[in-house]
Amino acid sequence: MIRKYQSSNFSVLRKIFILNTPAFFDKQEQPLFEGYFKKPELCYFTLITEDGEIIGGGGIGFDLEKIEAHFLWDLVHPKYQKQGFGKDLLQHCIAHVKDNTTYKVIKANATIKNYKFYQKMGFKMLKKTKDHYGPGVDMYAMGMAL
């Protein structure tokens, strides 16, 4: 199940972020992750199992100047990865952008660990930036036309 983020979800999502560090995030990104949830224009969704357990989430940022949406801070608890939850979340976010905006592009920043996931979902690699997230952690800028 996917639902809109509620502030009571933050502590669990923070723990999931930490569990995904350093595999998907650099520890220096944690203040950015936490700061994202203080933004007034927050658009974030939470992944929840049938039993009500929060297992991840993902957000959307909107660039008003470029008229682009950005998939942000997507994460799934390691125990639930590679089971389709990330795919469901990304599809939900793409549908949200299509149904609620006139944006024609959605982007995501990935690493070597997950850029192929985005490719499978129809994203194309736009640019690779060496050591962007830290030593040895390159950024893969991905994009998809809507």
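Of the residues making up the stretch 56-98, those that are on the phi > 0 side of the Ramachandran plot and exposed (fewer than 15 other Cβ atoms within 10 Å of the Cβ) are Ile67, Lys82, Gly84. Within the stretch 1-48, which residues are within 24 Å of Asp138 (Cα to Cα), within 15 Å of the chain's Cα centre (by Cα) and not in a helix (DSSP H, G or I)? Scanning the stretch 1-48 gives Asn20, Thr21, Ala23, Phe24, Phe25, Asp26.
Does Gly143 meet the test of being within 22 Å of Lys66 (Cβ to Cβ), modelled with pLDDT of 95 or more, within 16 Å of the chain's Cα centre (by Cα) and outside any strand (DSSP E or B)? So Gly143 does not fit the description; no.
Among the residues of the stretch 109-122, are any among the hydrophobic types (A, V, I, L, M, F, W, C), at pLDDT 90 or above, crowded, with 18+ Cβ neighbours inside 10 Å and outside any helix (DSSP H, G or I)? Yes, that holds for at least one residue.
The values are calculated or read from the model by the stated rules, or taken from the named source; none is laboratory data. As the structure is a computational prediction, the values presented were derived from the model and not from experiment. Glycine also receives a Cβ, built like all others from the backbone with ideal geometry; neighbour counts cover every protein chain displayed.
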